[in-house]
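First comes the structure, then the notes that go with it.
The values are calculated or read from the model by the stated rules, or taken from the named source; none is laboratory data. Being a predicted model, the structure only gives us computed values, none of them experimental. Heads up, the Cβs are rebuilt from the backbone with ideal geometry, glycines too, and the neighbour counts pull from every protein chain shown.
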Amino acid sequence: MHADLIKAFAPTGVLRASLNLGNPVLANRDAQGKPFGISIDLAMQLGKKLGVPVELIVNETAGKSVATLEAGRADVGFFAIDPERGRDIAFTAAYVQIEGYYLVRGNSSIQRNEQVDVAINRVVVGKGSAYDLFLTRHLKNAPLERVASSQVVVSSFLDKGFEVAAGVKQQLEADIKSVTGVRMLAERFMVINQAMGVPKTKGPEATLFLRTFVEEMKAQGVVKDSMTRYDIQGAGVGPAADPKVDPLTAP
C-alpha cells in the first residue's frame, strides 16, 4: 500500500468514518448502544485494507453525516448519491439500493405517486435526507415540510396533520407497525443509491481506490453477507460498476 494513499485516507493515523444512524438499512445501535450494520462492516474492511484503525463517528441524520465529512471531521462516509452533495464529495457506485415511498392516511384520495404533487399536499421529509434533496428538485407544487430527522417523519405526519409523509421504505414500515389508519402507496417514487464518499480534496487516486474497494466488496459477497446477517429486507446489492466512472455522470 502506497504511503501517500494511506495518508490521504487517514491523515491522523486513524480512518475516521462518518455514519448515519437515521437510515436503519445502513446502521443501527444494539442494546448496549454500539453501532452495527452494513456501513460499519465496510468501514472496518476499509481500515483493514489500509492497515489503519477505524474510528466510528456517529450521526443521527444524513445531513449531519455529510456535514461531518465536509467539515473535515471524518475521512470517509456513507451517503446516498446526490448531485448537490457531489459538489464536494466523490462517490463510489452504490453498494446498496433502497427505495423511497410515500405514506398517506387510509382515507386519503391519493392513490398514485403522480397525485402527490399538488399545492394542497404538504409532504413531510427528514431534513437533508436523500429523498428531501430529490423531492426538492422534482416536486413543483407540493410544499415540503422538513423535520429534524427521518425518525420523526411519521410522528410529525400524524401529529401535525400533514397530507403525505416521504421516507425510506424500511423506516416507514418500522414506524407504522403500531399505527392504524395509514397506508403506503403502491409504487416507489425513487431508488436511493447508497454509496461511500470521500472529500474531493483527497485527490483522484483516493477516489479510484475507494470506488475499486466498493466493487470488490460487492463482488466478494461482503455486502450481501452483511445484509443477510442483519436481516435487511426490501433492499438489494448495488449493481457492478466501472470504478473509473463517476456515478453522477454514468448513464
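Condition first: under 21 Å from ALA62 (Cβ atoms) and not small (Gly, Ala, Ser). Now tell me which residues in the stretch 177-200 satisfy that.
Taking the stretch 177-200 first, the residues under 21 Å from ALA62 (Cβ atoms) are 184, 188-200.
Of everything in the stretch 177-200, those that are under 21 Å from ALA62 (Cβ atoms) and not small (Gly, Ala, Ser) turn out to be MET184, ARG188, PHE189, MET190, VAL191, ILE192, ASN193, GLN194, MET196, VAL198, PRO199, LYS200.
With respect to GLU173, determine if the residue is within 17 Å of the chain's Cα centre (by Cα), surrounded by fewer than 20 Cβ atoms within 10 Å (Cβ to Cβ) and among the acidic types (Asp, Glu). Talk me through it step by step, then tell me what you get.
Working: within 17 Å of the chain's Cα centre (by Cα): yes; surrounded by fewer than 20 Cβ atoms within 10 Å (Cβ to Cβ): yes; among the acidic types (Asp, Glu): yes.
So GLU173 passes the test.
Which is of a type outside the set (D, E, K, R), in contact (Cβ under 8 Å) with a residue 24 or more places away in the chain and farther than 22 Å from ALA93 by Cα, of VAL76, VAL25, VAL58? Walk me through how you get there before you give the answer.
Details: VAL76 fails: farther than 22 Å from ALA93 by Cα; VAL25 fails: farther than 22 Å from ALA93 by Cα.
Only one candidate qualifies: VAL58.
Could you say whether any residue in the stretch 109-124 is outside the structural domain of GLY63 (by TED's automatic domain parsing) and at pLDDT below 95?
First pass over the stretch 109-124, keeping only residues outside the structural domain of GLY63 (by TED's automatic domain parsing): 109-124.
Filter once more, so that each one left must be at pLDDT below 95: none.
Taking every residue of the stretch 109-124 in turn, none turns out to be outside the structural domain of GLY63 (by TED's automatic domain parsing) and at pLDDT below 95.
Quick check, is SER129 at pLDDT 95 or above and not hydrophobic (A, V, I, L, M, F, W, C)?
Values: at pLDDT 95 or above: no; not hydrophobic (A, V, I, L, M, F, W, C): yes.
Here the answer is no, as SER129 does not meet what is asked.
Taking the options LEU135, LEU158, name whichever one is over 18 Å from the mean Cα position of the chain (by Cα), modelled with pLDDT of 95 or more, part of a helix (DSSP H, G or I) and surrounded by 15 or more Cβ atoms within 10 Å (Cβ to Cβ). Before you say what the answer is, go through the steps one by one.
Values: LEU135 fails: over 18 Å from the mean Cα position of the chain (by Cα).
When all the criteria are applied, what remains is LEU158.
If you check VAL152, VAL125, which single one turns out to be closer than 22 Å to LEU19 by Cα, of a type in the set (Val, Ile, Thr) and in a strand (DSSP E or B)?
Working: VAL152 fails: in a strand (DSSP E or B).
On inspection, the qualifying residue turns out to be VAL125.
Do we have any residue at all in the stretch 195-212 that's basic (Lys, Arg), part of a loop (DSSP other than H, G, I, E, B), over 30 Å from VAL116 (Cα atoms) and out of contact with any Asp or Glu (no Cβ under 6 Å at 6 or more places or on another chain)? Don't jump to the end; show me each part of the working.
Of all residues in the stretch 195-212, those basic (Lys, Arg) come to 200, 202, 211.
Now drop any that are not part of a loop (DSSP other than H, G, I, E, B), which leaves none.
No, because not a single residue in the stretch 195-212 is basic (Lys, Arg), part of a loop (DSSP other than H, G, I, E, B), over 30 Å from VAL116 (Cα atoms) and out of contact with any Asp or Glu (no Cβ under 6 Å at 6 or more places or on another chain).
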